[in-house]
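What follows is calculated from the coordinates using simple rules that are stated; it is not laboratory data. Predicted model, so just to flag it, every value in this text is computed and none were measured. When we count neighbours, we look across all protein chains shown, and the Cβ atoms used for this are built from the backbone with ideal geometry, even at glycine.
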Amino acid sequence: QVQVVESGGGLVQPGGSLRLSCTASGTDFSISAMGWFRQVPGKQRDLVATVTWSGIINYADSVKGRYTISRDNAKTTVYLQMNNLKPEDTAIYYCNVKYLATDYWGQGTQVTVSS
């Protein structure tokens, strides 16, 4: 049973930082990719950052230079270091796992950027 769990969200002031974590379990074979998406109520879920099994990283233009995605050696945990946060970064952040041609999602963690 594949499980995806995120943590690390919270309330932060503009210009502040947060670090999100996501761990996948129940994956007996290599995960194709892991990444982060975010969603604002009433809006679509948008890509934030992803990393493939081979290490290819992709960022949304809106977060380039501010966010950094990384992972552990086992490639089952990913992190999202978010710096210089802006109010428009406020969203529920979801961890995505692509495994055996299937997308798995975490429960989401709320990030709120407000003064």
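Odds and ends about this structure:
- The alpha-carbon of LYS75 sits under 28 angstrom from the alpha-carbons of these lysines, leaving out residues fewer than 8 places away in its chain: LYS64, LYS98.
- Modelled spin-label separation between LYS64 and PHE29, with each label point placed 7 Å from Cα along the Cα-to-Cβ direction: 3.4 nm.
- Sequence-separation-based contact order of the chain, relative, with Cα cut under 8 Å and 6+ spacing, percent: 37 percent
- Relative packing of peptides 45-52, 69-76 - highest average C-beta neighbours within 10 Å first: 45-52, 69-76
- Inverse of mean 1/r across different Cα pairs in the chain, Kirkwood, Å: 14.0 Å
- Taking the average, over residues, of other Cβ atoms within 10 Å as the packing measure, peptides 53-64, 104-115 rank 104-115, 53-64 from highest down.
- For the chain, with +1 on Lys and Arg beta carbons and -1 on Asp and Glu, the positive-most of ALA101, PRO87, GLN44 along the dipole: PRO87
- Dipole size of the chain about its Cα centre, with +1 on Lys/Arg Cβ and -1 on Asp/Glu Cβ: approximately 160 debye, rounded to the nearest 20.
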